[in-house]
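Values quoted throughout were computed directly from the atomic coordinates according to the rules given, and no laboratory measurement underlies them. In this text the structure is predicted, and so the values were computed from the model without any measurement. Virtual Cβ from ideal backbone geometry, glycine too; neighbours counted across all protein chains shown.
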Amino acid sequence: MTAEDHPGPPRSLYVHLPFCRRRCAYCDFAIAVSGSDLQDRYLEALLRELLFVSRSGAVGQPLETIHLGGGTPSLLGPTRLGRLMEALAAGFSWAEGCEVTLEANPEEVSPAATRDWARMGINRASLGIQSLSNPTLRWLGRGHDAAQGLKALGWLRESGIPQVSCDLMSAIPGQSTGAFLDGLDRVLRFQPDHLSCYELTLEPGTTTRRLVDSGRCRQVAEAVALEQLRSARARLPAAGLTRYEVSNYSRPGCESRHNLNYWKGGTYLALGAGAHGFLGGPAASALGLPAGCARGVRYWHYRDAATYVRVVGQGSTGIRSSEQLDDSQLGLERLALGLRLTQGVKVGEERLLAASRRLAAHGWLEVEGERVRATPEGMEILERLTLELVAA
Ligand code: SF4
């Protein structure tokens, strides 16, 4: 690790809102499909944890980013979301221009909802469109259709929320490259400020994984998956979107500052069921987490929303466990995350620099002084490159 990697006080906060109308066929996130009673009790627990954290001394600096993720945070409705935003404003000081992101699904987007969100201080919306092919959306188990996705995007563009991001998926079984690119082109007509374009992963235990494993669906061939990503990559610069991370593209200045902080190995607080946080030793101690002489402490909450509500009700913070990380663990994590960024990562250790130079000879990495970055070809095999570096 280099001196610039020293984990400082947290300036980012992640809040997990785990509720969804249904579980999408590919999803293995910490979510709850339940009625409004659990949502109310969850919000009370979340506000209790928020109060504890805000008074703990773990946050010495104004927050630069707040990310309301899920789950489907937009499902919370204006009253609950308003209470949460008020509590966030009362509990923490926010830096000028603090990025406040709300993840939303098309079903909950309406002109009235977007006005509420803008009024509450949400200045970045991230919309889960995923595909604009109706059979594909049904296969994914999504609750919206293509028309709803585009309508939602249009309303967000008109809402006055300064930044709008879209999520699209590639490599979905049954969706042709033509259909994927058609969807991409239709989204780009709305000139989103940011686009996340992820390959569908078939997570163990999900319906999509079972469908593929049982032979009822064919997994997308690697060459086709690659063709989709390369075609998207080729189209996006003309739409003003520049790649800054393996799967993320933005207009200048519209990068997700919250996610950039993760990828740069920065510290962040987390609230809510299943949420993971990462803090330097002093901030972790302020939360009552064992820190010893660790450089960084990772912690995570009870994953199940009802369990989280119960333990917070019994006086706990909702944090289930934590792990102390030393310099070498942090250095490797920072390397793996930093290589995801097109700007690359600063590598202090000669052993890693030497291994990077060997991989650079194959055209997968570029090494400039102590900075190592993946080439576009290297980005396609990033996991393998990272493993090779870590094993060096
Ligand atoms: S909306 Fe998102 S979080 Fe909810 S089930 Fe679908 S993929 Fe998972």
Under 5 Å, built H, 5+ apart or other chain: amide partners of S110: none
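Give me T267, T177 sorted ascending by neighbouring Cβ count inside 10 Å, so fewest comes first. Mind showing how you got there, number by number?
Values: T267 22, T177 16.
Lowest to highest Cβ neighbour count: T177, T267.
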Span-like helix ranges in the chain, DSSP H, alpha carbon extent 24 angstrom or more, Kyte mean at least 1.6: none
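If a/c stays under 1.5 just call it rounded; otherwise compare a/b with b/c (prolate if a/b is bigger, oblate if not). Do that for the stretch 347-391, with a ≥ b ≥ c from the square roots of the Cα gyration tensor eigenvalues. Intermediate results must be reported in sequence, preceding the final value.
Working: a/c = 1.87, a/b = 1.30, b/c = 1.44.
Oblate shape, in that a/c is at least 1.5 and b/c is the bigger or equal ratio.
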Cβ-isolated cysteines (cut-off 4.7 Å), the chain: C20, C98, C166, C197, C217, C254, C293
Residues with amide H under 5 Å from that of L271, placed H, sequence gap 5 or more: Y14, V15, H16
Positive dipole terminus of the chain, leading residue within L127, A234, A152 (C-beta point charges): A152
Farthest toward positive dipole pole in the chain [+1 Lys/Arg, -1 Asp/Glu at C-beta], among L43, A336, W94: L43
Order of H276, H16, H194, H362 under a 10 Å beta carbon neighbour criterion, fewest first: H362, H276, H194, H16
Neighbourhood net charge (14 Å Cβ-Cβ; Lys/Arg +1, Asp/Glu -1) for A283: +4
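Where does the stretch 232-381 land on the Kirkwood hydrodynamic radius, alpha-carbon pairs, in angstrom?
The Cα-based Kirkwood calculation yields 17.6 Å.
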Amide proton proximity set for S170, modelled H, under 5 Å, gap of 5+: Y198, E199, L200
Integer Hz, Karplus 6.51/-1.76/1.60 couplings in order for the stretch 189-196, x for Gly and Pro: 4, 8, 6, x, 7, 7, 9, 9
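For a quick check: sort F29, F52 by the number of other beta carbons within 10 angstrom, fewest at the front. Please report the intermediate quantities before stating the final value.
Values: F29 15, F52 19.
So the residues, fewest neighbours to most, are F29, F52.
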³J(HN,Hα) computed for each position of the stretch 274-286 - Karplus, 6.51 cos²θ - 1.76 cosθ + 1.60, integer Hz, glycine/proline x: x, 6, 9, x, 9, 9, x, x, x, 5, 5, 4, 4
Neighbour net charge for V309 - beta-carbon separation under 11 angstrom, K R +1, D E -1: -2
Extension gain, L387 back to S214 (0.36 nm per residue minus Cα-Cα distance, nm): 59.2 nm
Positive-end residue, the chain charge dipole about Cα centroid, Cβ charges, pick of T136, V347, Q61: T136
222 nm mean residue ellipticity, helices alone, for the chain (DSSP H n ≥ 4; -39,500 (n - 2.57); rounded to 500): -12000 deg cm²/dmol
Charge sum, other residues only, whose C-beta stays under 14 Å from T207's C-beta, Lys/Arg counted +1 and Asp/Glu -1: +4
Dipole magnitude of the chain about its Cα centre (Cβ charges: Lys, Arg +1; Asp, Glu -1), debye to nearest 20: 640
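Subtracting the Cα-Cα distance from 0.36 nm times the residue separation, let me have the gained length for D304 to S328 in nm, one decimal. The partial results should precede the final answer.
Details: separation 24, 0.36 × 24 = 8.64 nm, distance 3.18 nm.
Between D304 and S328, full extension yields 5.5 nm more.
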Debye intensity ratio in log₁₀ form over the Cα atoms of the chain, taken at each q of 0.07, 0.13, 0.14 Å⁻¹: -0.33, -1.21, -1.40
Approximate spin-label separation E199-T242, in nm, with each point projected 7 Å along Cα-to-Cβ: 2.6
